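The values are calculated or read from the model by the stated rules, or taken from the named source; none is laboratory data. This is a predicted model, so every value here is computed, not measured. As a convention, Cβ positions derive from the backbone with ideal geometry for all residues, glycine included, and neighbour counts pool all protein chains shown. Calculation scope for accessible area: heavy atoms of the full protein, side chains included, ligands and nucleic acids excluded. Shrake-Rupley method; radii C 1.70, N 1.55, O 1.52, S 1.80 Å.
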Amino acid sequence: MTGPTPPTADPRLELGRRGEQLAAAWYQRRGYAVLARNWSSRNGELDLVLARRGLLVFCEVKTRRSRAFGHPVEAVTESKQRRIRQLALQWMGATRARQARVRFDVAAVEGRRVEVWRDAF
């Protein structure tokens, strides 16, 4: 007799988590510090917040198994960009961050390949 089967994790969430880990590692290899992962407020979530030499980077990570629905960066629409900007302001207010420069990136993850679009919007 066996017990109940434990619930399995949502494969889409696992894929997203793996993509965020790969993107964070990509930045860390280039000297960035990860300040926050999956920071959320009632208005949404920031995937990665990073810093390096007075630069604050807000990175939206899009992970895909294939390009059947287009390139991952195409999923960051204008409305998504506006929401990320608003969340960035909220994060900066909540943490009292005082960086001289701010940049918005998109990390497209396919398999183990990470492609970062700096200054994406």
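When Arg52 is tested against (1) open to solvent by less than 60 Å² (accessible area, probe 1.4 Å); (2) under 21 Å from Ala25 (Cα atoms), exactly one condition is not met: (1).
All conditions but one from (1) closer than 20 Å to Ala23 by Cβ; (2) at pLDDT 95 or above; (3) loosely packed, with under 15 Cβ neighbours inside 10 Å; (4) not β-branched (Val, Ile, Thr) apply to Gly111; the one that does not is (2).
Evaluated against (1) exposed (fewer than 14 other Cβ atoms within 10 Å of the Cβ); (2) in a helix (DSSP H, G or I), Lys80 falls short on exactly one condition, (1). Residue pairs whose Cβ atoms lie under 9 Å apart, sitting 6 or more positions apart in sequence or on different chains, and linking a residue in segment 37-54 that is outside any strand (DSSP E or B) to a partner that is polar (S, T, N, Q) and open to solvent by 40 Å² or more (accessible area, probe 1.4 Å), are Asn43/Gln86; Asn43/Gln90; Gly54/Gln99.
Of the listed requirements (1) surrounded by 13 or more Cβ atoms within 10 Å (Cβ to Cβ); (2) more than 20 Å from Trp91 (Cα to Cα); (3) at pLDDT 95 or above, Leu15 misses just one: (3). Against the numbered list (1) touching a residue at least 24 places away in the same chain (Cβ under 8 Å); (2) of a type in the set (Asp, Glu); (3) out of contact with any Cys (no Cβ under 6 Å at 6 or more places or on another chain); (4) outside any helix (DSSP H, G or I), Asp105 comes up short only at (3).
Taking only segment 59-77 into account, find how many residues are assigned to a helix (DSSP H, G or I) and without any contact (Cβ under 8 Å) to a residue 24 or more places away in the chain. So the count comes out to 2.
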